[in-house]
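Visitor: Can you keep this structure in mind? I'll have questions shortly.
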Amino acid sequence: MKSRDYRRNLDLYFENDSIQYGLLIERQKFGQLYQKTLKELKTYLTDLSQTPIDSTQNIVVNYLTALPKIPEITKSRSGWNVLDRNYLKKLHRIAPIHQFWINSPDSDNLKYYHQNKINWITDKDNLFKKLFFPYEVKYGNYILIKPDGKFYNFMGEHSKYKIWETAEQYFK
């Protein structure tokens, strides 16, 4: 099936009572936050992280979904390369960036994602899910936000190379 190109879209499956259905969603989305929404988002991030955001900085959010749940995880630690030390070093060379590690309030898998090294912050009000990620996908998503509120988000499994490549194109 030509439409099932996993670089461009994801197939999600849901079950509701006795009905099972599938949905094909686009992995990438570009948009513009209204100034009021952008200000509220920055205030929310500042409150969560206890770190003010410079108005000239770009924002990068790695958003961890609640999936997979602990029973589905077979290894004790994730090998996800976004958690590597060199990820942030290179990201900060691309542009002035404020990086956030945000997780779904339903996550029970933070230990698997190097909770002892990464300062995961719980999205207690589900704001990121409401604004950017209406569908629960496995692993994680990321968002790039420019100071003017333009954003790019990517849903689903990705690597640090994908974020670097996108950030280099998007923030130039």
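Derivation of every value follows stated rules applied to the coordinates shown; laboratory data play no part. All values reported here derive from a predicted model rather than from experimental measurement. Here the Cβ positions follow ideal geometry from the backbone for every residue, glycine too, while neighbour counts run over all protein chains shown.
Visitor: From the residues Trp164, Gln28, Asn126, which one has its Cα farthest along the dipole of the chain in the positive direction, the dipole being from +1 and -1 charges on Cβ of Lys/Arg and Asp/Glu about the Cα centre?
Guide: Checking the options against the dipole of the chain, the answer is Trp164.
Visitor: Something else now. What ratio of Cα Rg to 2.2 N^0.38 Å holds for the stretch 92-172? Could you put the intermediate results ahead of the total?
Guide: Values: Rg = 13.1 Å, N = 81, 2.2 N^0.38 = 11.7 Å.
Rounded to two decimals, the normalised Rg is 1.12.
Visitor: To the nearest 20 debye, what charge dipole does the stretch 55-172 have about its Cα centre, counting +1 at the Cβ of each Lys and Arg and -1 at the Cβ of each Asp and Glu?
Guide: 400 debye
Visitor: Could you list Leu91, Leu83 so that the one with the fewest beta carbons within 10 Å of its beta carbon is first and the one with the most is last?
Guide: Values: Leu91 20, Leu83 16.
Sorted ascending by nearby Cβ count, the order is Leu83, Leu91.
Visitor: Hey, which aspartates and glutamates would be in cross-link range of Lys89, C-alpha to C-alpha under 16 Å, not counting anything within fewer than 8 residues on its own chain?
Guide: Glu165, Glu168
Visitor: For Ile73 and Asn116 in the same chain, what is the full-extension length gain: residue separation times 0.36 nm, less their Cα-Cα distance, in nm?
Guide: 13.7 nm
Visitor: Could you list the residues of the stretch 52-85 with an amide nitrogen less than 13 Å from a label point located 7 Å from the Cα of Trp164 in the Cα-to-C-beta direction?
Guide: 81-85
Visitor: Which lysines does Lys111 reach when only Cα atoms under 22 Å apart count, and residues fewer than 8 places away in its own chain are ignored?
Guide: Cross-link targets: Lys69, Lys75, Lys124, Lys129, Lys138, Lys160.
Visitor: Would you list His98, His92 from fewest to most Cβ contacts within 10 Å?
Guide: Ordered by Cβ neighbours within 10 Å, fewest first: His92, His98.
Visitor: Report, for the stretch 28-170, the % of DSSP beta bridges that are antiparallel, rounded to 5.
Guide: 60 percent
Visitor: Lys and Arg at +1, Asp and Glu at -1: add these up for the other residues within a Cβ distance under 9 Å of Ile59 and post the number. Please list the in-between numbers first.
Guide: Details: positive: Lys42, Lys146; negative: none.
Once all neighbours under 9 Å are counted, the net charge is +2.
Visitor: Pairing the Cα long axis of helix 85-94 with the longest principal axis of the chain, what angle in degrees results, from 0 to 90 and rounded to the nearest 10?
Guide: The answer is roughly 50 degrees.
Visitor: Using only Cα atoms, locate the centre of the stretch 17-78 and the centre of the stretch 119-164, then give the distance between them in Å, rounded to an integer.
Guide: Answer, in whole Å: 3.
Visitor: Measure nothing but the geometry: give the 0 to 90° angle between the long axis through the Cα atoms of 35-49 and the longest principal axis through the Cα atoms of the chain, rounded to 10°.
Guide: The angle comes out near 90 degrees.
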